[in-house]
Amino acid sequence: MSYENSIAFLGPAGTYCNEAALRFAARLGIDDPDLVECASFDEVFDCVDDGTVRFGVVGKENSLEGPVTATLDNFAFRTDSVILAEEVIDVRHCLAMHPEAARSDIRRIASHPQGIAQCRRFLAEHFKGVSTLSVASTAESARMAAGDPATAGICNPLAARLHGARVVAESIQDNPENQTAFALVGRLVDAELLRGSRYKTSLALFLRADKPGALQMILSEFAYAGINLTMLQSRPTKKQLGDYMFFVELDGSMHDIDVQTALDCLRLKLREVKVFGSYPVE
Ligand SMILES: O=C(O)C(=O)C[C@]1(C(=O)O)C=C[C@@H](O)C=C1
């Protein structure tokens, strides 16, 4: 395996993450990427952090379900790797079954938790009372369906084909426009590798103390600087009950003067401002 061209992704083959990894490889000019399959987004981060691979791909945000919390928590609490780029993938789930099974054979429906959540209406309408099973990825559910007539999977039609399952319903997600944004993760030395005309910046803000107006103060700094926020999410700091921090995504780069001004002001007032990266948006 060549470190230079290595990209870790959530496996097995046929995940949406796999599709995103191939798109990032094309943007990086890597014709023949060394793709490394991981069992979770945590494992993707570990591979980048310990130098097993140069790049990793993780889910960042879904249009129906919002931010991918496992990814945000890694950026806030575990990794010092950064976001190098973002890629948005159209997510069109199918229902996949064992090639010889009938619909009446299905006893459980497996998928990544996001896949199950994105098809709630379809499941309520067609599989009321059938249990769901969370597995590591959508492609993993295709692999299970191919090997077990009692299990159906929710996955990319490509995954069904790759793993030998039969597609019995297409585009079953609750919203036809379902999309997931993936992040290319890497080390700071590669931060300038991909460039674009439009940038986004992702960061975590940790308060010194929980007090009235803390969130308003944060929002005011961005408003004074004329910065548009594209995502705001509060998450537990994991220290004690009721202790929260904020994730923010904004239009612009940390090298823009207005973003720098807002972040400098926030650094004076907050315990920590952790920037996960400024990256081009395609
Ligand atoms: O399981 C996959 O195929 C993934 O790439 C993961 C993931 C996610 O993390 O949200 C990606 C896209 C879909 O939203 C469902 C699952």
Practice problem: For the chain, compute the number of Lys pairs whose alpha carbons are separated by less than 18 Å, excluding pairs fewer than 8 positions apart on the same chain. | Solution: 7
Quiz item: For the modelled label position 7 Å from the Cα of Gln179 along Cα-to-Cβ, which residues of the range 248-271 have backbone nitrogen atoms closer than 18 Å?
Solution: 249-252
Exercise. Treat each spin label as a single point 7 Å out from the Cα along the C-beta direction, and report the Val88 to Glu4 distance in nm.
Key: 3.4 nm
Quiz prompt | Where only C-alpha atoms are counted, convex hull volume of the range 94-169 per residue in Å³ | solution = 67 Å³
Quiz item: How far is helix 138-147 tilted, in degrees, relative to the longest principal axis of the Cα atoms in the chain, given as a value from 0 to 90 rounded to the nearest 10?
Solution: 20 degrees
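Once the piece of chain linking Arg198 and Arg108 is laid out straight, how much longer is it, given 0.36 nm per residue of separation minus the C-alpha distance between them? Before the final figure, lay out each step's value.
Numbers: separation 90, 0.36 × 90 = 32.40 nm, distance 4.36 nm.
Gain on stretching Arg198 to Arg108: 28.0 nm.
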Exercise. Be a star and scan the range 77-95 for residues whose amide nitrogen sits under 17 Å from the point 7 Å along the Cα-to-Cβ vector of Val189.
Key: 80-84
Exercise. Sticking with the crude label model, points 7 Å out along Cα→Cβ, report the distance from Thr261 to Ala209 in nm, one decimal please.
Key: 3.0 nm
Self-check item: Mean residue ellipticity (222 nm) of the chain, computed from DSSP H runs ≥ 4 via -39,500 (n - 2.57), nearest 500
Solution: -8000 deg cm²/dmol
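Just to confirm a number: summing +1 for Lys and Arg and -1 for Asp and Glu over residues other than Ala165 whose beta-carbon lies under 12 angstrom from that of Ala165, what do you get? Each step should come with its number before you reach the end.
Details: positive: Arg143, Arg161, Arg166; negative: Glu100, Glu140, Asp148.
With Lys, Arg at +1 and Asp, Glu at -1, the neighbours total 0.
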Practice problem: Using amide H atoms built 1.01 Å from N in the peptide plane, name the residues 5+ places from Phe276, or on other chains, whose amide H lies under 5 Å from its own. | Solution: Ser202, Leu203, Ala204
Quiz item: Any idea how far apart Arg271 and Lys128 come out in nm if each label point goes 7 Å out from Cα toward Cβ?
Solution: 4.9 nm
Self-check item: Convex hull per residue volume in Å³, alpha carbons only, for the chain
Solution: 141 Å³
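No value in this document is a laboratory result; all are computed from the given coordinates. In this text, all values refer to a predicted model and were calculated from it rather than measured experimentally. Using ideal geometry, Cβ is built from the backbone for each residue, glycine included, and neighbour counts are taken over all protein chains shown.
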